[in-house]
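The values are calculated or read from the model by the stated rules, or taken from the named source; none is laboratory data. All figures in this text were calculated on a predicted structure; none of them were measured in a lab. Counting neighbours? That spans all protein chains shown, and the Cβs are built from the backbone with ideal geometry, glycine included.
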Amino acid sequence: MSKRKLKESSEESAECISQVQKIFRERFCHYCAAGKLFGMKQQYSHLLELLKRTTVHGESNSALIIGPRGSGKTTLLNHVLKNLREMNQVRENLLEVHLNGNLFLMKNPFLSGLLQTNDKVALKEITRQLQLENVVGDKVFGSFAENLAFLLEALRRGNRTSSCPILFVLDEFDLFVHHKNQTLLYNLFDISQSAQTPVTVIGLTCRQDILELLEKRVKSRFSHRQIYLMNSFDFKEYIKIFKKQLSLPAEFPDEAFAQKWNNNVQHLSEDKTVQDVLQNLFQHSKDLRSLHLLLMLAVSAVTVHHPLPTAADLQEARRQHSSDSRANIVHGLSVLEICLIIAMKHLNEVYDGEPFNFQMVYNEFQKFIQRKAHSMYNFEKPVVMKAFEHLLQLELVQPLERPSARAQREFLLMKLLLDSSQIMEALQVYPNCPTDVKQWAASSLSWL
Amino acid sequence: MNTRQQSKLIYSWYGKPLGSDRKLRTSQYKGILITSESTKTETCIQLGDFILVEGVNADQPYVAQLMDLYEDGAQHKRAVVQWFCRLEEIPQNKRKLLKREISAQEVFFDQILGYDTDIAAETIIKSIVVLPLHLSEELPTITLNKEQTFYVKQSWDGKCFKVLSPDTFSKLKEANKKRSVITNSSKAFIPSDILTPVKKETESVLRSATKPKTADMEIESKHSASKSSLAKERHSQRVANNDIKTPTARKKLELSSPMRSKSRLLGCEVLGLLDDDCDATAPLKPSATKRKVKFTSDISGSPPKIPCSNDKSKSTCESAEHHQRFSDTIRLSPYTKVKDFSEKDKNLHEKGDILSPVGYQKPSSQSPVLTPRSRRTCVQKTSALIAEQISMLDQEDFLSGSDSSYSSSSEEEEDDDVPCTPEKKTKSSRIFSTPKSSRKSAVHTPAKTLKKTPLQGTPRTPRNATPEIPRRIQAAQEPASVLEEARLRLHVSAVPESLPCREEEFQDIYNFVESKLIDGTGGCMYISGVPGTGKTATVHEVIRCLQQAAENDELPPFQFVEINGMKLTDPHQAYVQILEFLTGQKVTATHAAVLLAKLFSTPGPKRKTTVLIVDELDLLWTRKQNVMYNLFDWPTQKHSKLIILAIANTMDLPERIMMNRVASRLGLTRMSFQPYTYKQLQQIVSSRLKGVKAFEEDAVQLVSRKVAALSGDARRCLDICRRATEICEFSNQKRTPEIVRMAHVTEAIDEMFSSPYVNAIRNASLHEQIFLKAILAEFRRAGVEEATVQQIYHHHVALCRMEGLQSPTVSEIMAICSRLGACRLLLVEASNKYLHMRVRLNLGQDDVMYALREE
């Protein structure tokens, strides 16, 4: 009886857990309009007003949204567009059916600089997204010149009051800048500054120096509206964001579980260790994407038997998050390879970061072996060479120049891609490391 | 079509000089012979004949009457002509003065004085027929040869249309008569007038469903194969490639025509048409009969491509052979149809075999025996057409067989068909709107230009369809408040009534273009100035004023073409765009260059001056600079009549990037637009805001001064003002609207001009800031403005220890470095160098220090 009850409850919680995981997966992995906006009220209203004027008054505009990666540029834009559509829906109820059409006709060619690698492809994509290609069959894709003339003609025909406004969103705007002559940008901005079809051009970029990249004619035509997203919140707000991001929504099916979960989150946010973890992360990077990553790691530890995330989970997640990837590789090396790395470290110290070759490393290693012959097995040179090449493959050492057929492998100049502090840390945690090696690592003169 | 392959045409005088003028050393002639070397044909054109003259557009040669022929002192053959103008040549805005539909065949007696009536005789293409008609007269029914026949009802003097004066009318009539006499007398002249009789078949015909389609396709192919314009046809003649004009090809076309119309015709409309036809016949009868008497033998509506005409002339056996071949094809034609028509075939066959030189004239009264069923009438009509075609073929056949001289006449003469066929459809306006009429006529005249098709309102040629952005369903809201009104006016795209502060420049450019227009010469002007100083706007304003003046007849009319270097994908595309603007042709860049060079270097009669604006000139630069060279070379040609206004940003562009020979051709007429001063900017803004109290006076001044100090770019100034209105509106949404004050303007300026770097650094995370500090420390230590990540890392760790922070791992440092690099606060190398990646600051050390110190 009690067993069955237990089973039922666990089943129930299993369902809850899968629900929870689903919610957080959506929240942390999809950077969609569903996510909430934090600390960008002003930018939001600016952008919303701008787009509203385009739709309602047919006013042409151009703007750039600038902010570091992960600062929520796309989220902001998606939010604005979603609300704009909803607003049109609202107005539809108030006025007539007109704006429903307006909603559909508001085209959003999302152009990403990574996909549209030149103006030709971009033009085709615009034509496709404006659904103009069926006007003339596939002839329009005849040549680049025809295509451009076609599109310009199409846009020139409209006017402010009668044509449907078009919103151009240029993702990765900085990549469009590198197109030849900046033809696309010039034409888009030129249309936005002349009495043609109303267009609004919005560029998203993370480069602060974007305006310096624009050609003077293009720059003059750009209206110089810049919306900066800066992650300009302090730690208190960061904690609030953390709470909001980790708490379950009110419409969660199992209310009791949601209550329990949210209480736990409240506790966590007041916990000292959790605050330390968050403080540490906050000091490193303020963007929400890294917070999402941390929470993702923590939440993925949630199971049926461990239904609520704890401070330890977060700590562990933070540890994983901040671990040094190269030092981790060193943990998996053999003693011989570690010895070689130590030899390189000493060479770096002696020659002040000058490049070395295999022969030098081998000599250094030989010196160590001669001193400590009793504890270390003297490997043959080809064996050492093999170990050295393994390090090369792991990219712990890097050749200065490409290996050529003529140069002997032993004399290729190399550089070590590890800092001495990384090596020392790795040795600390290296299991069963011979004491002699540790001593040698600490000082090249330990035998004296 | 490759113009280089054209065979040469030789122009020689016909007969002895009539008289000569000693002083001018000219001698006059009564006719000119055009001999084509390749086809060995000769055409004689006499005084008073109507001719086609090569024009700008190969598809639309000019129509004229030959008034005088003479040879000038320099042995050049010259011709004096009386022009007729096509509807296309009349400005769009004047066409509505006509208040009626105009057929493509109608021309106007040209009384504009501006045109040069003295042309080179070599530009004459061939002779045609122009018939004077009274205004009330309907246009004669469809002729088989539309290309060759024009009608004139009214005269055009550049301002209004007038009815032909009786004097002119009689003169034109006279010319026609005289011409026919002449042609009769001259052995090489047999104009083939159409006197195809009326034939209406009352029998019903079962029609096959499949046939029309194939027929259609045949037509299409035929159309594409044969160059469809007169002038092009002439080209093809020059090419001496007569292979296309085989009898079989022609037969196909003829055969298919009725099938095609059958598939398109609607019965009820046909009924109406038939009635119309009967009515229309009446007034035309007299002239028709008159002609009939003269040329009873010429019946066929021979389209220009008669096989026999182009071959070796005057050989009877040859023509007999032709006759043989031809009759074969005719025999074939009815038989092919036999499959389709169950009971009609015999009848048809009979008709086909009748070789009646007069043409059988069945009374058209037969046609009213029509059943109300549309299907049947349609079929009837079709069968009538079939029969007609067959009979025409027969008659042609007869002609070529019986009249040996027929084959000797060249293509030109054959084109001179006088249409007197009353049974063909009148071109009533009703038919114009239906696609079938054009199809039908296209079938009858294979040499018809495609140009005419859109004129008749047919929904064809998707190629030329220009796309359109869908219209918005709800109308755009009009500005409600003062601020919104101001914003609308401040938008760069809003066109102000006048351009303040550019009056001087405006006047200079205006004077330059005006003087060139009046002189009828060409010239270049180079206009420079930094962006946003109103260069393009001023030039457009000049053009607008000039067009206004031209419309009011204060100036000779001109064509206006604009190209923009930025809107071209390749400098050579400039040729394509110019040619398309001028003539509507679409060709490749190299061919366009050839055509344009020809256009501007040869003296074109009736050609208007062209004003060409070349915006963003510097982008037309190529390594050999041939585009620029050509552009600036054309105006220097004697007959080019080309005025170029070149616009670019840099003042010394000609010296900097142009070769000497290009710069020299550009000339020294230059103008430089200075950046606006703050007073000018202030004036611009206040002139736009006239009548709208939205700005404080001082606020406008602040913006103007700020912009003038930075760039003098009017666009920037307007943008800032516009942004200021938004800020103003936003800041007091609840309260009553107020005007834009200093605070709003300052905010807008700060928003637009503030350096983003300082803000970005202040909002960076703690470790990012420490990393920047570490960079500064490393720079100071090394004395070099470049450091590797490893070096910076050591400093970073040291700084962290000082601050009592947990020192970051190398991975985290790399992440920070790449983040700052993506924002371009730092310039970093490729990340595969890991610790040895070199780092530089993208802004001054002082800026970084300033940004970091504040906290």
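Could you please give the count of residues in segment A:323-335 that are crowded, with 19+ Cβ neighbours inside 10 Å and either assigned to a helix (DSSP H, G or I) or at the interface with chain B (Cβ under 10 Å from one of its Cβ atoms) (or both)? Matching residues across segment A:323-335 total 4. Per the listing A:L427, A:L394, the residue uniquely within 14 Å of chain B (Cβ to nearest Cβ) and either surrounded by 14 or more Cβ atoms within 10 Å (Cβ to Cβ) or closer than 30 Å to B:H795 by Cα (or both) is A:L394.
For segment A:300-322, taking the residues that are part of a helix (DSSP H, G or I) and among the hydrophobic types (A, V, I, L, M, F, W, C), the one that is nearest to the chain's Cα centre (by Cα) is identified as A:A317.
Residues in segment A:204-235 that are without any contact (Cβ under 8 Å) to a residue 24 or more places away in the chain and either surrounded by 24 or more Cβ atoms within 10 Å (Cβ to Cβ) or facing chain B (nearest Cβ under 8 Å) (or both): A:D209, A:K216, A:K219, A:S220, A:H224.
Residue-by-condition table, conditions (1) farther than 22 Å from A:L76 by Cα; (2) buried (at least 24 other Cβ atoms within 10 Å of the Cβ); (3) in the same structural domain as A:L64 (by the TED database):
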position: A:A149; (1), (2), (3): yes, no, yes
position: A:A154; (1), (2), (3): yes, no, yes
position: A:S162; (1), (2), (3): yes, no, yes
position: A:D174; (1), (2), (3): no, no, yes
position: A:V177; (1), (2), (3): yes, no, yes
position: A:Q182; (1), (2), (3): yes, no, yes
position: A:L188; (1), (2), (3): yes, yes, yes
position: A:Q193; (1), (2), (3): yes, no, yes
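All conditions in (1) facing chain B (nearest Cβ under 9 Å); (2) part of a loop (DSSP other than H, G, I, E, B) hold for A:H178, with the sole exception of (1).
From the list B:A694, B:A714, B:A708, the one residue that fits, being in contact with a strand residue (DSSP E or B) (Cβ under 7 Å, 6 or more places away or on another chain) and either surrounded by 15 or more Cβ atoms within 10 Å (Cβ to Cβ) or polar (S, T, N, Q) (or both), is B:A694. For segment A:184-203, a residue qualifies if it is in a helix (DSSP H, G or I), of a type in the set (A, V, I, L, M, F, W, C) and without any contact (Cβ under 8 Å) to a residue 40 or more places away in the chain, and exactly one does: A:L185.
Inclusion of B:E504 among residues that are away from chain A (no Cβ under 14 Å), over 27 Å from the mean Cα position of the chain (by Cα) and without any contact (Cβ under 8 Å) to a residue 60 or more places away in the chain is warranted. Cβ-Cβ contacts under 6 Å between residues 6 or more apart (or on different chains), taken from a first residue in segment B:527-538 that is in contact (Cβ under 8 Å) with a residue 60 or more places away in the chain to a second residue that is of a type in the set (A, V, I, L, M, F, W, C) and in a helix (DSSP H, G or I), are listed as B:G532/B:A714; B:T538/B:F506.
Taken over segment A:236-258, the criterion of being part of a loop (DSSP other than H, G, I, E, B) and loosely packed, with under 12 Cβ neighbours inside 10 Å is satisfied by A:P249, A:A250, A:E251, A:P253. In this structure, does A:L400 turn out to be under 18 Å from A:A441 (Cα atoms) and either touching a residue at least 60 places away in the same chain (Cβ under 8 Å) or not basic (K, R) (or both)? So A:L400 fails the test. Filtered by the rule that a residue be part of a helix (DSSP H, G or I) and loosely packed, with under 15 Cβ neighbours inside 10 Å, segment A:345-365 gives A:E349, A:V350, A:Y351, A:Q359, A:N363.
For every residue, the table says whether it meets (1) basic (K, R); (2) at pLDDT 90 or above; (3) in the same structural domain as B:E697 (by the TED database).
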| residue | (1), (2), (3) |
| --- | --- |
| B:E738 | no, no, yes |
| B:N763 | no, no, no |
| B:L766 | no, yes, no |
| B:L776 | no, yes, no |
| B:F779 | no, yes, no |
| B:G783 | no, yes, no |
| B:Q791 | no, yes, no |
| B:V797 | no, yes, no |
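Under 7 Å between Cβ atoms, at least 6 apart or on separate chains: pull out the pairs that start in segment B:575-586 with a residue that is within 9 Å of another protein chain (Cβ to nearest Cβ) and end on any residue that is at pLDDT 90 or above. Hits for this filter: B:V576/B:A592; B:Q577/B:I563.
Put simply, of B:L579, B:L568 the only residue that is in the same structural domain as B:N630 (by the TED database), over 23 Å from B:A663 (Cβ atoms) and crowded, with 20+ Cβ neighbours inside 10 Å is B:L579.
Taking first residues from segment A:55-83 that are closer than 26 Å to A:L291 by Cα and facing chain B (nearest Cβ under 9 Å) and partners that are of a type in the set (A, V, I, L, M, F, W, C) and assigned to a loop (DSSP other than H, G, I, E, B), the Cβ contacts under 7 Å between residues at least 6 apart in sequence or on separate chains come to A:G67/A:C206; A:G67/A:L229; A:G67/A:M230; A:P68/A:C206; A:P68/B:C823; A:R69/A:C206. In segment B:745-767, the residue that is surrounded by the most Cβ atoms within 10 Å (Cβ to Cβ) out of those that are more than 22 Å from B:E726 (Cβ to Cβ), facing another protein chain (nearest Cβ under 9 Å) and not small (G, A, S) is B:H767.
Among the numbered conditions (1) in a loop (DSSP other than H, G, I, E, B); (2) modelled with pLDDT of 85 or more; (3) under 30 Å from B:K586 (Cβ atoms), the only one that B:T458 does not meet is (2).
Residue count for segment A:366-385, restricted to those that are aromatic (F, W, Y) and surrounded by 12 or more Cβ atoms within 10 Å (Cβ to Cβ): 2.
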